[in-house]
Amino acid sequence: MPRKRLDLTFPPRQATKPITYHLVKDFDLVPNILRAQIHPGQEGRMVLEVTGRKEDFDAGIAFLESEGIVVRPAATDICLDEDKCVLCGLCTAVCRPGALTLNGAGDELVFDKDKCVYCEACVVACPRRAITLTF
Amino acid sequence: MGKTWDEINERISSGSAVVLTAEEFAELAADVGVKEAARRVDVVTTGTFGPMCSSGVVLNFGHSDPPIRMSRITLNDVEAYGGLAAVDTFLGVTQQSASRGLEYGGAHVIEDLIAGKAVRLRAWSSGTDCYPRTEIDTWVRLEDLNQAYFFNPRNAYQNYAVAVNSSDRVLHTYMGTLLPRLGNATYCSAGALSPLLNDPAYRTIGVGSRIFVAGAPGFVAWEGTQHNPNQQRDEHGVPVAPAGTLAVIADLKRASTRFFAAASMTGYGVSAFVGIGVPIPVLDEDVAQTLALTDADISATVFDYGVQRRSRPALGRVTYAELRSGAIEVQGKKVPAGPISSLKKAREIAAELKRWISEERFTLAEPLKPLPQPGEQGVKPLEIRSEEAI
């Protein structure tokens, strides 16, 4: 079953509507909230991983857009500033899902974006401030 | 059949010395045996690149007109020591910016200086008859300074702890973020490439040794602070926990941002990655024995940072080969492990030092004075006592 990551931007007036409920109930989709920052009366942001059949997926997106939500494909990369990175490997120590690892020789950083859950633990842990999440 | 320091230096000077990195030497020894490797190779280079908090620089700014006796000094809003002569100072890497906290500190100022950037110097004084100026606000670059040199009281730890956290909350430490209930482990050593692990009994490394410091040629100035030769050792005589340390000195003007990098450890503070490389002369088979050790032969002790005391409980011992695999076993649990010390940079340093010796004829210096040996001294704790109890 197809799985996609979406970056949703909510207008201020929309922030109270339970959209994930509707995605499940009305469109038979499986939403997984990776990140969310939604406050009543303010513009909100949510990164959602959605699994479902293509026709349900398209209908679900149409529903979100009809509700005034801006839907974009989510950034699928963390951004590493290679000039700043010293390959210490500390980010790999805090990456619970194991998305960031060192290669066998221990001298290259490997990023498996499918495992990343956008928790930002690496962003905070990096002593060189070399990692950013791009949206 | 051994070699002398003089013989090795003659070969370096004539360009005929055989120089390998510690990793290359271990491979050769595995192929041809330690005895033959010792015969063939003159010098083995080591390297390490980890956060080393006890580092800093001595700076002399030159005199303004009219002159000032600086008693409070800041560089890019980071305080430097004002208790030396008029325009001398010491800037430590861990000092934090008054305005930006741990996002910018002494280490960042030093990195900016090495990069050739101008740094804002402000100083204040009460003014004296010989130094009438009371305030100065100017910009300086590294090239403008008279003297600028590292004096790092404690670098290149001989082995280090593996940190885990058995408590129920996330800990932010100098060993990075430690996840609760043994959620992860961090370690900080170049293992088989680490300078003092390749000379466990301090036979060739001592006061006066010529070394690589942050890309500049420098010297071992003294034993490092908390140098502890009495640490527990394994069957090879290699310490299994933090032991010996080096105090080093080197010209900041010849340092490189490739081998010095500021570090902001979230929830802890500022530190600096410092690159240290030490060449080791292959004097005899005894020296070669430990040079031939690999990550599978060298181990470190796992300590529980969840117990916030001076003596943290030891939870066992693991090899660097296990640590490098990405996971270790602690108390029967598989724990993901990540490094803090850059293996890639350690390799670059060992390779660069090899190039210095092979191409630039960087000769070795026999120690003027040995480091304190096992049995000679340990590390004393600080007791909290009242004046009456003295």
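Descriptive notes on the structure:
- Rounded tilt (10° steps) of A:54-66 against the dominant C-alpha axis of chain A: 80 degrees
- The heavy atoms of A:His39 present about 90 square angstrom of accessible area, all protein chains included, probe 1.4 Å.
- Cys residues of chain A that find no other Cys beta carbon under 4.7 Å: A:Cys79, A:Cys85, A:Cys88, A:Cys95, A:Cys116, A:Cys119, A:Cys126.
- Prolate is the label for the range A:3-73. Its Cα gyration tensor axes, ordered a ≥ b ≥ c, give a/c of at least 1.5 and a/b above b/c.
- Divided by 2.2 N^0.38 Å, where N counts the residues, the Cα radius of gyration of the range B:217-267 comes to 1.55.
- Coil-residue GluC sites (Glu not before Pro) of the range A:11-65, DSSP, other Cβ within 10 Å capped at 16: A:Glu43
- Chain B: C-alpha gyration tensor shape, a/c 1.5 cut-off, then a/b vs b/c: oblate
- For chain A, alpha-carbon Rg over 2.2 N^0.38 Å: 1.21
- Rounded to the nearest Hz, the phi-derived 3J(HN,Hα) couplings of the range B:68-76 under the Karplus curve 6.51 cos²θ - 1.76 cosθ + 1.60 (θ = phi - 60°) are 10, 9, 5, 10, 10, 10, 10, 10, 6, where x marks glycine and proline.
- Split chain B at each of the GluC sites (Glu not before Pro) in a DSSP loop with at most 14 other beta carbon atoms within 10 Å, and the longest piece is B:1-234.
- Largest-first ordering by accessible area, 1.4 Å probe, given options A:Asp7, B:Asp284: B:Asp284, A:Asp7
- Percent of alpha-carbon pairs separated by more than 43 Å within the protein assembly as shown: 29 percent
- Accessible surface ranking for A:Cys79, A:Cys122, 1.4 angstrom probe, highest first: A:Cys79, A:Cys122.
- Unit charges at the beta carbon, dipole of the range B:62-145: most positive-side option, B:Leu113, B:Leu91, B:Gly101: B:Gly101
- Residue among B:Gly269, B:Phe303, B:Leu315 farthest towards the positive dipole end of the range B:266-385, charges placed on Cβ: B:Gly269
- The three principal axes of the Cα atoms in the range B:1-104 give end-to-end lengths of 65, 31, 19 Å, sorted in falling order.
- The region of chain A that goes longest without hitting one of the trypsin sites (Lys or Arg not before Pro) in a DSSP loop, each with at most 16 other Cβ atoms within 10 Å, is A:1-52.
- Modelled label positions at B:Asp234 and B:Asp168, each set 7 Å beyond Cα in the direction of Cβ, lie 3.7 nm from each other.
- The heavy atoms of B:Ser189 offer some 10 square angstrom of accessible surface to a 1.4 angstrom probe.
- The figure for B:Phe90 is an accessible area of roughly 60 square angstrom, using a 1.4 Å probe on the protein chains alone.
- FRET efficiency for the pair B:Glu27 and B:Ala389, taken as 1/(1 + (r/R0)^6) with r the Cβ-Cβ distance and R0 = 60 Å, rounds to 0.55.
- Cα-based radius of gyration of the range B:51-134 once divided by 2.2 N^0.38 Å, which approximates compact folds: 1.10
- Here's the list of lysines a cross-link from B:Lys333 could span, going by alpha-carbon distance under 29 Å and ignoring same-chain residues fewer than 8 apart: A:Lys113, A:Lys115, B:Lys344.
- Volume per residue that the Cα convex hull of the range B:161-300 spans, once the total is divided by residue count, Å³: 128 Å³
- Helical content of the protein assembly as shown, expressed as a calculated mean residue ellipticity at 222 nm, amounts to -5000 deg cm²/dmol (DSSP H runs of 4 or more residues, -39,500 (n - 2.57) each, divided by residue number, nearest 500).
- Dipole of the range A:78-133, positive end: most advanced residue of A:Ala121, A:Cys88, A:Gly98 [Cβ charges, Cα centre]: A:Ala121
The values are calculated or read from the model by the stated rules, or taken from the named source; none is laboratory data. From a predicted model like this one, the values you see are computed outputs, not experimental measurements. Because the Cβ atoms are built from the backbone with ideal geometry, glycine has one as well, and the counts that use them run over all protein chains shown. Just so you know, the surface numbers come from the protein's heavy atoms only, side chains and all, with ligands and any DNA or RNA stripped out. Shrake-Rupley method; radii C 1.70, N 1.55, O 1.52, S 1.80 Å.
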